[in-house]
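The values are calculated or read from the model by the stated rules, or taken from the named source; none is laboratory data. Quick caveat: nothing in here was measured; it's all calculated off a predicted structure. Glycine also receives a Cβ, built like all others from the backbone with ideal geometry; neighbour counts cover every protein chain displayed. In case anyone asks, the SASA skips ligands and DNA or RNA and just uses the protein heavy atoms, side chains included. Shrake-Rupley method; radii C 1.70, N 1.55, O 1.52, S 1.80 Å.
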Amino acid sequence: MSLEEKQQFLVEEIINKAYDSEDFTKYMDRKKENGGQDLDIWQMDELRQAVYDYQKMKNAMMQIVDDDIGFKKKIDCQKLIGTEIGNTNNVLISIENFDKKDTGFFSLSKSYVNYKIVTQPFQWAVTRRYSDFEWLREILTKQYPGVFVPPIANKTPTRQFSDAYLIKRMKFLEKFLNHILNSTILKNDKYFCEFLRMQDEKEFKSLQTASEKVQKTTKLDKVTSETGSIEVAFNPQTDNYIRAAGNLMTSLNLDFDIIMKQSKKMLQDFEVVSATMFQMGESFEMLTNHINQFNQAVQEPEKILKFEAVTITLNNMMMIWGRNFQNYVNYIQDNFRNFFKYHDKEISQLKEHLLLRQQSQSEYLKYKERLDLKKEKFYQLKEFNKWEVSKEILDELKLNIDNKKFCLSVMLPKETSQQNDLRDTYAYYNLSAYNEIKRVFEQNIDIYAKHFIKFADSQANNLTQMHVTWADIQGNLKGLDLITQQDQKVQIMQQPKPKV
């Protein structure tokens, strides 16, 4: 290779990569007995190896500085491939209904429930079982370590098929699917897309079977990101945030538990109040019957028809008022108890997500502590034969023997490389936990606000309807002459039958 090509190689590897050219020149001088600045005495392979060794040592020295204040690194990985659903805005997933399937002769063991899932704006409509939701969450968790996958409803120890239970589960599963849309990585997953799109049952089962070959992602270069690279890091800022977030999540679980208990108490209170109102309505019906018996027993001029109209109106008032309070039971169940039950589960799942960070941190620190002790011993005893480095690198280390940190970073390269892999893994889970907690917190602000705006709207509409109802009752009581006429006569209302 010509002198110009060697010079160009050094410009690209030393100057363009911001290494110190003077320091590199001194390093090359030490590599040759009579000085190494003459490029003609260097074979190209020999020159490449010398440059590689120099860069490795300098990178190790720079890494020492990073470890003192934290650590940050970029790693090339798999680039995200978009899907139809991932590339579309304003996607809405709804579970419209469920269908119980009973295939067992003597028990529920063979029975199952199909949920109809509709995805807009694509107008996709599929049916899935609970086990399909389990499969989806498992395949997402397997493929995307470090990405928070929303929770699904717990599997009950005994099979339950009551409508009330299945409605709650249906809404829980609907939240699971829509919360997946909040993650750019998850919503672009091909299995998620086919879960929502693929209608043929046999084709879908084949997809699930094929997915069994998918290996759990464990290597960082196999992780998926939007850009094709990931940043891994740990520093005091992320440590402090994650610690504070962990404390907050523990408090949230306790707070949500209190809110759910209070919601249950409020449910019971409204049920009692509505039941009492219905009883009062029945009492006014009984009062009406007694007045009617009187009217049947007396002559026309002696009848108190207006009194009967008043008691019928009061019966209507209590029945309508009772229904309104009964509706509050559903409002509270959906908008408070079920809502916070899901988010309590989500926070618990997010705390479990942090375990990956804790485990990787523990593995890294334990290995680092053991290796640090080993290196310290070898350094203090100057047991150069145990440092496991080449003669050239050892000569460089001996020249820098007073630079303890540098020597420790270069000795035992295989074990140091393994430690660095553990460090990178911990740094990945650390920064992922930091980013995912922030994402979930920030997105939940929007979710909470929209949810209770919708709840407030429903209450405003309810108040409007009740305003009309009270106006009608006032009108009836003011127009007793009119409502006692046969064609305008008000009718007794009955308590609504409980839903099965």
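Pairwise Cα distances in the stretch 247-365 exceed 23 Å in 59 percent of cases. Residues in the stretch 4-50 average 69 Å² of solvent-accessible surface per residue, probe 1.4 Å, ligands and nucleic acids excluded.
The residues of the stretch 296-445 present an accessible area of 51 Å² per residue when probed at 1.4 Å with all protein chains retained. Among 362-374, 279-291, the peptide with the highest mean count of other Cβ atoms within 10 Å heads the list, and the full ranking is 279-291, 362-374.
Working from label points 7 Å from Cα in the Cα-to-Cβ sense, the Ala297 to Asn435 distance is 8.5 nm. Annotation: amide H-H contacts under 5 Å for Asn97 (H modelled 1.01 Å from N, sequence separation of 5 or more, or interchain): Lys116. If one computes the Cα centroid of the stretch 432-457 and of the stretch 382-411, what distance in Å separates the two points? The stretch 432-457 and the stretch 382-411 have Cα centres spaced 53 Å from each other. Taken along the Cα-to-beta-carbon direction at a fixed 7 Å, the label points for Ser283 and Asp239 span 6.8 nm.
Summary of the geometry: the stretch 212-229 and the stretch 128-191, compared by the centres of their Cα atoms, lie 21 Å apart. Apolar share of the accessible surface for the chain: 52 percent from carbon plus sulfur atoms, 1.4 Å probe. Each residue, Ala275 and Lys101, gets one label point 7 Å from its Cα in the Cβ direction; the gap between the two is 3.9 nm. Under a model in which nothing but the beta-carbon of Lys, Arg (+1) and Asp, Glu (-1) is charged, the chain shows a dipole of about 1500 debye around its Cα centre.
Percent of Cα-Cα pairs more than 17 Å apart in the stretch 109-168, please. Roughly 54 percent, once rounded to a whole number. Here the gap between Phe384 and Leu482, fully extended at 0.36 nm per residue and compared with their Cα-Cα distance, gives a gain of 24.2 nm.
Using the Cβ-Cβ distance between Ala164 and Lys219 with R0 set to 45 Å, the FRET efficiency works out to roughly 0.45. Rounded to whole numbers, the Karplus 3J(HN,Hα) couplings from phi for the stretch 261-276 are 5, 5, 4, 4, 4, 5, 4, 4, 5, 5, 5, 5, 4, 5, 5, 5 Hz, using 6.51 cos²θ - 1.76 cosθ + 1.60 with θ = phi - 60°, and x at Gly and Pro. Solvent-accessible surface of protein heavy atoms, probed at 1.4 angstrom with all chains present, puts Trp321, Trp135, Trp387 in the order Trp321, Trp135, Trp387, largest first.
Distance from the Cα centroid of the stretch 334-375 to that of the stretch 243-277 is 26 Å (rounded to whole angstrom). Protein heavy-atom accessible surface, 1.4 Å probe, per residue over the stretch 224-286: 56 Å². Exposure check, 1.4 Å probe, all protein chains in place: Arg30 carries approximately 120 Å² of accessible surface.
Each residue of the stretch 370-382 was assigned a 3J(HN,Hα) from its phi angle through the Karplus expression (A = 6.51, B = -1.76, C = 1.60, θ = phi - 60°), giving 5, 5, 4, 5, 5, 5, 4, 4, 5, 5, 5, 7, 6 Hz with x at Gly and Pro. Along the axis of the charge dipole computed for the chain (Cβ charges of +1 for Lys and Arg, -1 for Asp and Glu, origin at the Cα centre), the listed residues Met411, Ile259, Ser111 are led at the positive end by Ser111.
Sort the stretch 66-224 into rounded, prolate or oblate with this rule: let a ≥ b ≥ c be the square roots of the eigenvalues of the Cα gyration tensor; rounded if a/c is under 1.5, and if a/c is not under 1.5, prolate when a/b is larger than b/c, oblate otherwise. Cα axes put the stretch 66-224 in the prolate bin.
In this view, the solvent-accessible surface of Val273, computed with a 1.4 Å probe and all protein chains in place, comes to about 60 Å².
For the stretch 390-488, the extents of the C-alpha atoms along the principal axes are 115, 22, 12 Å, listed from largest to smallest. Of the residues Leu196, Gln8, Trp387, the one whose Cα sits farthest toward the positive end of the charge dipole of the chain, with +1 on the Cβ of Lys and Arg and -1 on the Cβ of Asp and Glu, is Leu196.
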